[in-house]
Amino acid sequence: MASSLFGSSLTKELDLRPDQFTYLLDLAATLKRDRKSGTEKPMLTRKTIALLFEKTSTRTRAAFETAANHQGAAVTVFDPQSSQIGHKESIADTAIVLSRMYDAIMYRGTAQETVEELAKYATVPVYNALTDSWHPTQMLADCLTMQEHSLKPLNEIKFTYVGDARNNMGNSLLITAAMMGMSFSIGAPKSLWPDQELITKAQALAKANGGEILLTESATEAVADSEFVHTDIWVSMGEPESAWKERIDLLKPYRVNAKLMLSAAPTAKFMHCLPALHDLATTTGKKAAKILGVNDGIEVSSEVFDSTANIAFDQAENRLHTIKALLVATLVAP
C-alpha cells in the first residue's frame, strides 16, 4: 500500500498530481471491497489523528472517525470549545504542538489560510476537510461515486454543477474536472461563478489534460447530455433571512427538478454533498421553501431527490472509503 503520498498534506486538490488522485481512488475502491468482504486489514495501528473542527460536521466527522477506527488508529476531536487555536495559541504553535503528539492533523473550518499555515508548520500530514475555498476530500468521494455509476473512465465523463458556484464546491469541482481531463459545465448566475482567476487556471489545466470547461448562465445548456448533475445548498443558517430571499430569487432558474433533469442524459444521476434542503423536514427547509414558494425542496425538488437517480447517499458513504485511502496513503511508510 506504499505510495508517493507518504507524509504528504492535502490542503487543496492541486496538492495532488492526476496520477496521485487516481491512486487514491483505486486504493479507496480496494479498501471498500475489503471492508464489504470482511477482509480489511488494519494498517494504522497505534497511529493517532487530531481532528480540529471550527465548523460543525456530520459526514466529515463520521467518516474520519470511522475510517481511523477501521484501520486501527485513534482520534481526538477538538471543537471550538476545546481548542485554543487562533484564540490563545497561534496556528503555527498549534501545528508544532500537535505534530509532537499526533501522526496527522485534520482541519475543518473557514479560512484556507488556516489549513495552509497548519501544513506549513506541522511535521505530520495535514488534511483539509473543508474550508470556504476548497473541499478536496469531497472531491475524492464524488469522483469515486461517479466511477461506480459509469462504465467510462473519469476523463470520458461529462458532468454539471448548477446553483451557487462561488463557493468551495464550485471551486473544487471546477479544478478537479480540469485536472482530471473531464468534461464539466457550470450553470449559475454570472455573479455566482468562481473567481475569474480560478476559471482561467481551470481552462488552462483542462486544455493541458484534454478536458473541457463550460460556464453558462443557462441551467439547461449546462446540464445538456450530462451523466451527473451536482448541486449544493443555497442558504446557510448563519446568514440573515434577507440574504436568503435575494439568493433564492437569483437561483430559482437553477433548481434541480424533473424538468431540468430531462435535459441531461437519459440515465443521469443526481449528486449532492449534503445536507440538502429537499423537503420541509427541517426548520431551514421550511423557511426557505416559503421564500421560494414551493411545497418541497429548495435546490432540489423532492421528486428528484426521492428518485432512483439520487446517488447522494453513495457519495456520503464514499467519504469514508476515500478518507480511509487518504489516511493509509499518507501514513503507511513505503
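The values are calculated or read from the model by the stated rules, or taken from the named source; none is laboratory data. Predicted model only: the values in this text are computed from it and were never measured. Every residue, glycine as well, gets a Cβ built from its backbone with ideal geometry; the counts of neighbours run over all protein chains shown.
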### Task
For the stretch 216-253, name all the residues that are over 19 Å from K287 (Cα atoms) and crowded, with 21+ Cβ neighbours inside 10 Å.
A219, A222, V223, S226, F228, V229, H230, T231
### Message
Condition first: more than 17 Å from L14 (Cβ to Cβ), buried (at least 21 other Cβ atoms within 10 Å of the Cβ) and among the hydrophobic types (A, V, I, L, M, F, W, C). Now tell me which residues in the stretch 181-204 satisfy that.
### Response
I186, A188
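Test of understanding: among A141, A111, which residue is out of contact with any Leu (no Cβ under 6 Å at 6 or more places or on another chain) and over 24 Å from L320 (Cβ atoms)? Step through it out loud before you land on a result.
Numbers: A141 fails: over 24 Å from L320 (Cβ atoms).
The unique qualifying residue is A111.
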### Query
Is there any pair linking a residue in the stretch 232-243 that is in the same structural domain as E54 (by TED's automatic domain parsing) to one that is at pLDDT below 90, with Cβ under 6 Å and at least six apart or on different chains, and which?
none
### Message
Being touching a residue at least 40 places away in the same chain (Cβ under 8 Å) and basic (K, R) is the requirement here; does K290 meet it?
### Response
no
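A quick yes/no check of all residues on (1) of a type in the set (S, T, Y); (2) within 19 Å of the chain's Cα centre (by Cα):
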| site | (1), (2) |
| --- | --- |
| S242 | yes, no |
| R255 | no, no |
| L277 | no, yes |
| T282 | yes, no |
| L292 | no, no |
| V304 | no, no |
| N310 | no, yes |
| F313 | no, yes |
| T322 | yes, yes |
#### Entry: Matching residues, the stretch 1-25, being modelled with pLDDT of 95 or more and loosely packed, with under 13 Cβ neighbours inside 10 Å
R17, D19
### Message
For the stretch 297-315, which positions are part of a helix (DSSP H, G or I), crowded, with 20+ Cβ neighbours inside 10 Å and not β-branched (V, I, T)?
### Response
F305, A312, Q315
### Task
Starting from residues that are crowded, with 21+ Cβ neighbours inside 10 Å and part of a loop (DSSP other than H, G, I, E, B), keep the ones in the stretch 160-180 and report whichever is nearest to the chain's Cα centre (by Cα).
A165
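Any idea how many residues of the stretch 171-213 are hydroxyl-bearing (S, T, Y) and touching a strand residue (DSSP E or B) at 6+ places or on another chain (Cβ under 6 Å)?
Taking the stretch 171-213 and keeping what is hydroxyl-bearing (S, T, Y), we get 172, 176, 183, 185, 191, 200.
Still in the list and also touching a strand residue (DSSP E or B) at 6+ places or on another chain (Cβ under 6 Å): 183, 185.
Of the residues in that region, 2 qualify.
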### Message
Quick test of your reading of the structure: L118 fulfils all but one of (1) more than 29 Å from V300 (Cβ to Cβ); (2) surrounded by fewer than 23 Cβ atoms within 10 Å (Cβ to Cβ). Name the failing condition by number.
### Response
(2)
